[in-house]
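Some notes on the structure that comes next.
The values are calculated or read from the model by the stated rules, or taken from the named source; none is laboratory data. Everything quoted here is computed from the prediction, not taken from an experiment. Methodologically, a virtual Cβ is constructed for each residue, glycine included, from the backbone with ideal geometry; neighbour enumeration extends over all protein chains shown. Keep in mind that these areas ignore ligands, DNA and RNA; they rest on the heavy atoms of the full protein, side chains included. Shrake-Rupley method; radii C 1.70, N 1.55, O 1.52, S 1.80 Å.
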Amino acid sequence: MRTYLVTGGAGFIGSNYIHYMFRKYGNEIRIINVDLLTYAGNLENLKCLEGNPGYTFVKADICDKEAISRIFAENNIDRVVHFAAESHVDRSIREPEVFVRTNVLGTAVMLNCAKEAWELPEGGFKPGKKFLHVSTDEVYGSLPDDDSAFFYEDTPYDPHSPYSASKAGADMLVKSYMDTYRFPANITNCSNNYGPYQFPEKLIPLIINNCLQGRKLPVYGDGKNVRDWLYVEDHAKAIDMVQEQGELFQTYNIGGHNEKQNIEIIHIIIETLQEMLPDDDPRKAHVTTDLITYVEDRKGHDRRYAIAPDKIKAVGWQPETMFKEGIRKTIEWFFRNEEWMKNVTSGDYQKYYDDMYGK
Ligand code: NAD
Ligand code: TYD
């Protein structure tokens, strides 16, 4: 039986990945989820796995070398899938240090613990071991509005935010382990994800939540920045395919070819909510474009991200969920999980929101 060590599995993409993996492999795999449970980590995301003998949760900091090496010593880990990170650009602008600590130092600790556990006395590594580092297309910087330019795996790194700079640093560390030790790893650089369990500080869940609450919809700058949206389950599938069918030591870009301006996304969410809310739902009346409010632009705001996913297509992957379908599924999920939203938007989130956008 293959054993996975997943970091950051209580976050948005990590929890979707764990659900995907158990749906796909059932009791053929074991997953150990290591998460510090920061504001972004939520065990409610994995509630339905309680009692599943293949699933273990360990609360630990990826920067804590002792805790991480103990997990490797006590378990025969075959795969590492490393999601844990500070992931929100706006927070990185306000508080860069924590991004460097978690994203750079945390990745160094994960790499080193895996290396120590997997290396053979005669040199090389135990066969079959693999480390996948989950990164972002934001390391490549910003593309011009011209829609013929794309990010490729060999596009030079040019990060602009403390978040993307810290992810770029982490990617370089992984690369250095592959180059120096032939450490068995892959890096995936993915575009913007959306879907169930996404924390409402990111654009799509924030807009859905604000629409339903009748709150203003904050649009940074002119609203014409472009992101390449990928449904999170398609990302989970891509990660598994890279580990099982991809070539070791390679980087793969994962993107949906689904580029949209932020303002288009907001209009689509309003239209979709109008279609989905029943006529007698009192929220229907206030879900209108009147909520749209242009606010001060984000500092260093990258203009456009877009991935050419040619290399990962050659592994057999392609995005399956069209945006219209993905956004309906996401909104349906938020309708069914109002308690989840209430729980994550109380306390610390409310304070962040008030500081960021004003009351
Ligand atoms: P998230 O913020 O929702 O979740 C991050 C998780 O990491 C949380 O559960 C948190 O508790 C945990 N964590 C944070 N610091 C930790 C620490 N020191 N030790 C252990 N756990 C810690 O993030 P996400 O959106 O799910 O992103 C996951 C990964 O994917 C990140 O590496 C991110 O850079 C990358 N990524 C995200 C996107 C996106 O659109 N969300 C796109 C491309 C790449
Ligand atoms: P975000 O979801 O924070 O992802 P990222 O910055 O990692 O791409 O933001 C997506 C886009 O939406 C980005 O161009 C910033 C913009 N945005 C807003 O216009 N208003 C908001 O309230 C937020 C959170 C983001």
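Cα-based values for the stretch 14-165, radius of gyration first and Dmax second, are 17.5, 53 Å. Take 200-208, 64-72 and order them by the average number of nearby Cβ atoms within 10 Å per residue, most first; the result is 200-208, 64-72.
Computed on the stretch 1-63, the Cα convex hull volume stands at 72 Å³ per residue.
Dimensions of the stretch 105-163 based on its C-alpha atoms, expressed as ranges along the principal axes with the largest first, amount to 52, 23, 14 Å.
Taking the square root of 5 times each eigenvalue of the Cα gyration tensor, what semi-axes in Å does the equivalent ellipsoid of the stretch 307-359 have, largest first? Please list the in-between numbers first.
Values: eigenvalues 233, 57, 20 Å².
They are 34, 17, 10 Å, listed from largest to smallest.
The eigenvalues of the Cα gyration tensor, multiplied by 5 and square-rooted, give the stretch 245-292 an equivalent ellipsoid with semi-axes of 38, 13, 7 Å from largest to smallest.
Panel note: the C-alpha atoms of the chain, placed on their principal axes, show extents of 69, 47, 38 Å (largest first). Against the chain, whose longest principal axis is taken from its Cα atoms, helix 12-25 shows a tilt of about 60°.
For the stretch 112-246, what value does the Rg/Rh ratio take when both radii are computed over Cα atoms and Rh is the Kirkwood radius, given to two decimals?
Values: Rg = 18.5 Å, Rh = 17.5 Å.
On the Cα set of the stretch 112-246, Rg over Rh gives 1.05.
As a length-normalised measure over Cα pairs under 8 Å and 6 or more apart, the relative contact order of the stretch 134-223 settles at 27 percent.
Take every Cα pair under 8 Å whose residues are at least 6 apart in sequence, average their separation, divide by the length of the chain, and the relative contact order is 17 percent. Taking amide H positions as modeled 1.01 Å from N, with prolines and chain starts lacking one, the residues under 5 Å from ALA60 and 5 or more places away or on another chain are ASP35, LEU36. When the alpha-carbon atoms of the stretch 199-283 are used, the pair Rg, Dmax equals 16.8, 55 angstrom.
So if I take the alpha carbon set of the stretch 280-321, get Rg, then get Rh from the Kirkwood formula, what is the Rg over Rh ratio?
Working: Rg = 19.3 Å, Rh = 15.4 Å.
Rounded to two decimals, Rg/Rh equals 1.25.
Annotation: peptides 232-240, 271-279, 17-25, 176-184, ranked by per-residue average of other Cβ atoms within 10 Å with the highest first, follow the order 232-240, 17-25, 176-184, 271-279. Taking amide H as placed 1.01 Å from N in the peptide plane, the amide H of ILE254 sits under 5 Å from that of ASN189, CYS190, SER191, each at least 5 places away or on another chain.
Computed on the Cα atoms alone, the convex hull of the stretch 237-335 gives a volume of 133 cubic angstrom per residue.
Computed over protein heavy atoms with a 1.4 Å probe, the accessible surface of the chain works out to 42 Å² per residue.
For the stretch 35-45, backbone phi angles converted through the Karplus equation (6.51, -1.76, 1.60; θ = phi - 60°) give residue-by-residue couplings of 8, 7, 6, 6, 3, 8, x, 9, 5, 4, 4 Hz, Gly and Pro being listed as x. Charge dipole of the chain (Cα centre as origin; +1 on each Lys and Arg Cβ, -1 on each Asp and Glu Cβ, all else neutral): 620 debye, rounded to the nearest 20. You can think of it this way: the chain between TYR157 and LEU120 has 10.0 nm of extra reach, that is 0.36 nm per residue less the Cα-Cα gap. Note on the chain: antiparallel DSSP beta bridges, both residues inside, total approximately 10 percent of the bridges counted.
Determine the distance separating the Cα centre of the stretch 50-92 from the Cα centre of the stretch 216-259; give it in Å without decimals. Using only Cα atoms to place each centre, the spacing works out to 22 Å.
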